[in-house]
Structures are given as C-alpha cells and as structure tokens.
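Data block below; observations after.
The values are calculated or read from the model by the stated rules, or taken from the named source; none is laboratory data. None of these values were measured; they are calculated from a predicted model. Note that we place each Cβ from the backbone using ideal geometry, even for glycine, and neighbour counts take in every protein chain shown. Quick note on the areas: whole protein, heavy atoms, side chains included, nothing else; ligands and nucleic acids left out. Shrake-Rupley method; radii C 1.70, N 1.55, O 1.52, S 1.80 Å.
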Amino acid sequence: MMMLAVGYLFGSIPFGVILTRLGGAGDVRAIGSGNIGATNVLRTGRKGLAAGTLILDMAKGLAAVWIAQSISPDDAIIAGAGAILGHLYPIWLKFHGGKGVATYMGVALALDWRIGAIYALLWIGVIVIGRISSLGGLVAAVSVPVAAWALGHPYWLPLLSALTLLVLWRHKENIGRLLSGREPRIGKGSDAADNAG
C-alpha cells in the first residue's frame, strides 16, 4: 500500500495547472475542454508550456516506478498504478484530473523500455497517419497489456488491463465522437479531444 500511496502522490501533481499559472497563462481548467493535460495547455498558445506539461506528466509516472524499483521492486507496478490513478483523480483538484496518456507512457517506459517504445511508436504513428490525437492515445493505451504479455510479463496483465480500461473510460466522450465520425482531426476545427492528459 505504501508504494501505491507514493505513486498516487507523484501522479496527482497537476503540472498542467502549475505550469500555466507560473507561465502567466491563467488556469488551464478555464479554457478549452478544461482538461489539465498537454493538449489543453496547448490551447493557451504556449507551446513551451504544453511540451513541459507532457514531459513532466510522463516523468511523474517514470519517477514513481523507479523509486519503487529501488525500494520494493515487486511493488513497482503498484506504484505505476498509483501514479496513473493520481493523475486521473488528483486529490488537490477535487479528483478532477487528466486522461492519463502521458503518465501511462512514463509508467510503461519505466516498467520495460520496450513496452514504452511500442507505446510511443503507436501513439505518434497513429497521430501522424490519422491526424486524430485521441485515437493515438487510445491505441497506445490498449497496446500496453498486449505488449506486456508478448514480452514475457503475463503477471502484469491483470493490473495493466485494468489501467487501460480506466484510460479508455476517461476517453469515453472521445470514443463516442470517434464512433460517430465527429472526432476532430488535428488542425481542423476546434479540437475537444484531450488525450495527452
């Protein structure tokens, strides 16, 4: 439970909110979709703040797992789960957080860099080909338990599957728009699809 709590505390740091306030861009929750992730931070027009949010949201997932690996290696995946839960439901923001894609990538990289590499390639590749931000994040998230199983980590499968389902749940509105063909493409119209949060 300690590693779950440590991971949660790392994950619940709302870097999108912190960086936009420090950068003089106001409260990111008051613009666009109200999401705290990098995609919505980008709507402030501050690319540097968006990049910083993306990197730090990934880093907190990485940090949680690495710390657990140095203290209690068997609990590393528990710390990673805590980081994702913290990002999705941060106590500091009344449990209204992001969508977990960047933090999930950090966790995947720390658990097994190969899983993280697959995640990154799919995330970026789908966005480049399909020009739909949320679709890239969804495909990447689904790849995690599949990659873990294929790379010889079947014992991670139950928890990673649960985390993937949580990320999908947080994207339920995006999924609805994808199914109806209304999910906006990058650079076309207003993009309500925050997926890097």
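List of remarks:
- Evaluated with a Cβ-only charge set (Lys, Arg +1; Asp, Glu -1), segment 1-107 carries a dipole of roughly 500 debye about its Cα centre, given to the nearest 20.
- Length-normalised contact order of the chain in % [C-alpha pairs under 8 Å, at least 6 apart]: 24 percent
- Once the gyration tensor of the Cα atoms in segment 28-142 is diagonalised, the equivalent ellipsoid follows with semi-axes of 23, 18, 11 Å, ordered largest first.
- Segment 104-176 - accessible surface per residue (Å², probe 1.4 Å): 45 Å²
- Set against the labelled values (1) 108; (2) 140; (3) 189, volume of the Cα convex hull per residue in Å³ computed from this structure falls on (1).
- Surface share of carbon and sulfur [accessible, 1.4 angstrom probe, percent] for the chain: 71 percent
- Based on C-alpha pairs under 8 angstrom that are at least 6 apart in sequence, segment 22-111 has a relative contact order of 27 percent.
- Taking Ser134, Ser33, Ser70 as the candidate residues, the one with maximal mean-square fluctuation in a Gaussian network model of the chain, Cα springs under 10 Å, is Ser70.
- Mean Cα-pair separation over length for segment 79-177, i.e. relative contact order, pairs under 8 Å, 6 or more apart, %: 22 percent
- GNM flexibility winner over the chain from Arg182, Arg170, Arg29 (Cα, springs under 10 Å): Arg182
- Cα pair count fraction exceeding 18 Å, expressed as % - segment 32-99: 45 percent
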